[in-house]
Amino acid sequence: EAAEKAGYDHFMLKEIHEQPTSLKAAIAGRLDELKGNVNIKEITLTEEQIRNIRHIVIIACGTSYHAGMMGRYVIEELTDLPVSIEIGSEFRYSHFPLDESTLVIAISQSGETADTLAAVKDAMRNGSHVIGITNVVGSTLSREANDIIYMLSGPEIGVAATKTFTAQVVVMYMIAIMLARARGSISIGKASKLIRAIKTLPQKSQLVLDMEAKIAETASLFSKSGCFFLVGRHLNFPVALEGALKIKEISYVMSEGFAAGELKHGPLALLTTGVPVIAIATESELYDKMVSNIREIKARDATVIAVASESNRSVEQVADLAIRVPDSCEYISPILSSIVLQLFAYYVALARGCPIDKPRNLAKSVTVE
Ligand code: G6P
């Protein structure tokens with residue numbers, strides 16, 4: 001086992017560090033910057049079938065659900081289609097209308113999650129086309145879905161998903177571009193720009209990993225906290241949810257992610273002196289709104305750790321501490337911030353002496369309902 005960990009103390013840390021490689025694998029051969037298009041040969045839908053789609057439903061559980069939420073925002077932004085995102089265990093007992101005009105995208109790292117598979121079966125019975133996204137070749141999802149896209153992340157052993165999450169997100173972005181180009185809802189120029197940004201991910205994720213010591217130091221300051229709040233807006237909302245899930249899973253500390261705009265609808269009542277709040281405040285159209293949210297949090301005397309863009313020199317005026325991510329567009333920075341939060345969760349768990357790769361009560365794949 002020590003050999004398999006390649007010098008790292010835990011599989012989780014090794015897998016976090018594999019992200020420059022796994023992201024490269026997920027995009028390799030799929031991006032055509034010149035034509036502003038994405039080639040995902042695994043998708044068998046014709047352009048005409050893509051144009052006939054009326055609705056998209058994304059189904060997933062756990063970390064994959066958070067990747068699905070990010071996919072939802074991007075598909076809605078790039079295409080003219082309404083997108084729903086559903087938790088497998090809820091969807092399978094709902095009365096969601098499904099038919100041939102609905103495209104279903106099922107995301108499952110293991111390809112074996114019982115609730116996601118049940119939802120897929122239901123969708124296929126109703127005539128919907130199902131695209132599966134998984135990391136495991138030959139998994140049940142890969143056999144059942146109409147089309148299957150492999151994330152090509154290599155084996156993930158740590159129970160808490162890391163490299164498969166960022167690969168899922170990037171696959172969702174690529175699907176969004178492909179659908180949008182087929183439907184004519186974005187220009188070649190806009191698609192090329194996004195493709196160019198996606199191509200920077202392997203290198204920029206390495207820059208985040210290079211800041212590991214600083215992230216570890218920040219995490220150690222808060223490792224004895226009894227709870228964590230994480231807040232973000234738009235794509236950074238699922239990033240906050242995923243960061244909170246990572247902390248819960250491996251360090252057993254109560255942590256919750258919130259849409260920053262929802263703070264005043266309840267969570268603010270919980271904020272008191274010194275409660276740590278991680279605010280994802282990278283550059284985006286909503287940056288100023290995040291700053292207002294940080295002020296709201298500071299007014300309750302909570303401690304704000306901002307995840308901010310490299311060139312932002314003003315965030316410290318409102319936040320107590322800042323962790324930087326490389327400057328990048330608002331589609332890419334959420335992926336970089338999620339790597340920051342993976343490392344943060346890892347070092348909180350390490351300081352607390354938790355069994356990081358095998359947290360109590362959790363399994364890598366949940367094959368029962
Ligand atoms: C379990 C794992 C999580 C994972 C979830 C969904 O709870 O511990 O890491 O996100 O299942 O798994 P899937 O294989 O469907 O992505």
note = Matching residues in segment 288-309 (hydroxyl-bearing (Ser, Thr, Tyr) and without any contact (Cβ under 8 Å) to a residue 12 or more places away in the chain) number 1
message = Can you tell me how many residues within segment 142-153 are on the phi < 0 side of the Ramachandran plot and either modelled with pLDDT under 95 or in a loop (DSSP other than H, G, I, E, B) (or both)?
response = 4
query = How do the pairs read when you match residues in segment 39-62 that are on the phi < 0 side of the Ramachandran plot and at pLDDT 95 or above with residues anywhere that are aromatic (Phe, Trp, Tyr) and within 16 Å of the ligand (Cβ to nearest atom), using Cβ under 8 Å and keeping only pairs 6 or more apart or on different chains?
reply = 42/150; 57/91; 59/91
message = Return the residues of segment 119-141 that are farther than 20 Å from residue 176 by Cα and either assigned to a strand (DSSP E or B) or more than 12 Å from the ligand (Cβ to nearest atom) (or both); say none if nothing qualifies.
response = 121, 122, 123, 124, 125, 126, 127, 137, 138
Restricting segment 107-144 to residues that are among the small types (Gly, Ala, Ser) and farther than 14 Å from residue 57 by Cα, the residue that is nearest to the chain's Cα centre (by Cα) = 108
key: Meets criteria (under 17 Å from the mean Cα position of the chain (by Cα), modelled with pLDDT of 95 or more and small (Gly, Ala, Ser)) for residue 279   = yes
query = Is there a residue being outside any strand (DSSP E or B) and aromatic (Phe, Trp, Tyr) anywhere in segment 232-239?
reply = yes
query = In the set 192, 220, 205, 185, which member is in a loop (DSSP other than H, G, I, E, B) and either surrounded by 21 or more Cβ atoms within 10 Å (Cβ to Cβ) or touching a residue at least 60 places away in the same chain (Cβ under 8 Å) (or both)?
reply = 185
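The values are calculated or read from the model by the stated rules, or taken from the named source; none is laboratory data. Everything numeric in this text was worked out from a predicted model, so none of it was measured. Positions of Cβ are generated from backbone atoms using ideal geometry, with glycine treated the same way; all protein chains shown enter the neighbour counts.
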